[in-house]
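Encoded as structure tokens, the structure appears first; notes follow it.
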């Protein structure tokens, strides 16, 4: 045995930080830290069968009718951005979580936490956006609450919405239904929402013509169901982007997924901004995109159905659920030059790099 | 996208790889110095295309990784002081100091801001005359001109509440440190294209000659890197040891002279401690005497800080190319991006972080 070579320099390593004693932004960033927070605090505390499904919402039966129930909170800055505002996000985000359960979104609640001093005109514009988005998504806003907090204790306005949807088919849509060999379809180009927000946020001023992809997704899902596609699982891609959505499903389904990077549509402007910032678009947030797991023999037909809708015009068949269960439930990605690598969760949010 | 797609073309990459295989007759160990190149190699799987005779080892060229622990502690101390606005590039915020990182300072009320340019920090200082604004000036020669410009502009505009915490390191002394190690096994270098775009490459001539080692200026896209490897292997096979430019679309022999002038105006060359390696003489920049008033270490009285680092991990060996991440027993177990034990796991561009993300 050869002895381990020693460096001529003194080795120096930092002491590990065992845990964050306070919540940091990355705990809400959709990456591994957020997953740890959910798994170490929320799931064990509230442990129940519905929560354990680890789906975008809870699915249950009431009086013989299958329903989906979900909630989400919206804290975006700036409040208005190209392609939408906090109001459109608050409606579409929650309606989309219902759609991902295969449920037709019906009713939303809205809780507004408003910071003292918010211009009344701003509030009016946001509420009008919520109304328009609700009409477009086919949901009604049926109950609400308003609180005002001291100046400096909020960021203009925070919105929470909860939603109820009805499931009018017998498909058990969820990670547990994913099967080896399933095709993975992506409903359109990725990264637009995250880059749009980044471009208008203070400190990172760059000009772009990109607009957020914020949109209601139920019409796409409904078309798939109505035309007999046997959907196994759906996941909308929000924080953490496509990579997080794929990893969540791989883990929940306990199956590996293989993706082809060249099949993932990304717009030129988004790619350019990502190159400058040192980001990978596959981790950048979206607000109107989802992945669908369908049987391989229905993939082409499902793709045709998605592409027939303007929201799904760029839909793409991006990968496959591995046919064996021998490997770990990881996501692998075939790079542009043809080599394979692991597509992992990020710790927290992507941070622009030095050079 | 122009200048991107043609350098990520699969056929082009395979063609380069075949050309490399044709000229390779025996084992060679090549070091890419820059963390950006390490990242690209692992992300695109470039090493998988190479013949098995070629080993790529990953050098000490990630500025986040090599910033010493005590400097992070100084940053955290300054950022924790009331009235301070602490500005930094994004990827420094997550790097752990002895006890916590800058994001943790932010979470307990510190005004820590991510900026994309040091000039934004000068602007913040102008807009907040009653606050002290500190910029964390980290990086190799690549970021030095912009950081120097920030200090220069602050003086021109009479902005007194601006200062920088300097942690600038230089590539040529790091290459020499690797080459002069008795355990060195590196037979050729891919020099960092971005650094050479600023500094040119004449300073590598004496190193190539003294250690009889080829040094090839190399870019960052897959085909750029493969071309750099090709040029390097060709020299190795032919027994040559020259400085060669395989990144001519961005790098000129003399570099960017106005940028160098700005560096000379504001900075001087000093010894620097490298995380995971130790002190290397004449290996970094500090503020020159004429600009000392902008030195945050002096302004905030943190100059004397030291921090003891544990010797559990092997990042020192990895930074010198003696070992690879997979050789470490803690890799992916005790040591992860959330809880890094060592320099090479803390940054995205560190070799261990890149392997963790793409190879585990």
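No lab work stands behind these numbers, since they all come straight from the coordinates. Keep in mind it's a predicted model, so treat the numbers as computed, not measured. Note that we place each Cβ from the backbone using ideal geometry, even for glycine, and neighbour counts take in every protein chain shown.
Between residue A:116 and residue A:171, the contour length at 0.36 nm per residue exceeds the alpha carbon distance by 15.2 nm.
Taking the number of Cβ atoms within 10 Å of each Cβ as an exposure proxy, the fewest-first ranking of B:28, A:124 is A:124, B:28. Beta-bridge orientation, chain A: approximately 75 percent antiparallel, per DSSP, counting only bridges with both partners inside.
Mean separation of Cα pairs under 8 Å and 6+ residues apart, divided by the residue count of the stretch A:176-278: what relative contact order is that in percent?
On the way: 65 pairs, mean separation 42.1, N = 103.
Computed value for the stretch A:176-278: 41 percent relative contact order.
Just checking the listed ones, A:76, A:284, A:178: in the Gaussian network model of chain A with Cα springs under 10 Å, the one fluctuating most is A:76. Given labels modelled 7 Å from the Cα in the Cβ direction, how far is it in nm from residue B:298 to residue B:209? Here the answer is 3.7 nm between the modelled labels. When the square roots of the Cα gyration tensor eigenvalues are ordered a ≥ b ≥ c, the ratio a/c for the stretch A:143-300 is 1.5 or more and a/b does not exceed b/c, which makes its shape oblate.
Of the residues A:182, A:226, A:97, the one that moves most in a GNM of chain A with alpha-carbon contacts below 10 Å is A:226.
Which order results if A:100, B:1 are arranged by neighbouring Cβ count within 10 Å, fewest first?
On the way: A:100 27, B:1 12.
Listing A:100, B:1 from fewest to most nearby Cβ atoms yields B:1, A:100.
Helical content alone sets the calculated 222 nm signal of chain A at -8000 deg cm²/dmol, taking -39,500 (n - 2.57) per DSSP H segment of four or more residues and averaging over every residue. Computed from the C-beta positions of residue A:153 and residue A:25, the FRET efficiency with R₀ = 30 Å rounds to 0.95. Working from Cα pairs under 8 Å separated by at least six residues, relative contact order for chain A is 21 percent. Along the Cα-to-C-beta direction of residue A:65, a point sits 7 Å from the Cα; which residues of the stretch A:155-170 have their amide N less than 13 Å from that point? Under 13 Å, as judged by backbone N against the label point of residue A:65, lie A:164-169 of the stretch A:155-170.
Using Cα-Cα distances under 8 Å and only pairs 6 or more residues apart, what relative contact order does the stretch B:63-315 have, in percent? Walk me through the numbers on the way to the answer.
Details: 459 pairs, mean separation 51.8, N = 253.
About 20 percent, as a whole number.
Estimated at 0.36 nm per residue, the fully extended path between residue A:50 and residue A:209 surpasses their Cα-Cα distance by 53.0 nm.
Show that you can apply the helix-only estimate: for chain B, add -39,500 (n - 2.57) for every DSSP H stretch of four or more residues, divide by all residues, and state [θ] at 222 nm to the nearest 500.
On the way: 17 runs with 145 residues, N = 360.
Value at 222 nm, helices only, nearest 500: -11000 deg cm²/dmol.
Put in line by how crowded their Cβ is, counting other Cβ atoms within 10 Å and starting with the fewest, B:62, B:196, B:236 read B:236, B:196, B:62.
Over the stretch B:68-136, the reciprocal of the mean inverse Cα-Cα separation, the Kirkwood hydrodynamic radius, stands at 11.9 Å.
When chain B is treated as a GNM with alpha-carbon contacts under 10 Å, the residue of B:99, B:324, B:160 showing the greatest mean-square fluctuation is B:99.
Please compute, for peptide B:36-44, the average count of beta-carbon atoms on other protein chains lying within 10 Å of each residue's beta-carbon. Spell out each step's value before the answer.
Values: counts 4, 0, 0, 2, 0, 1, 3, 7, 7.
So the per-residue partner count for this stretch is 3.
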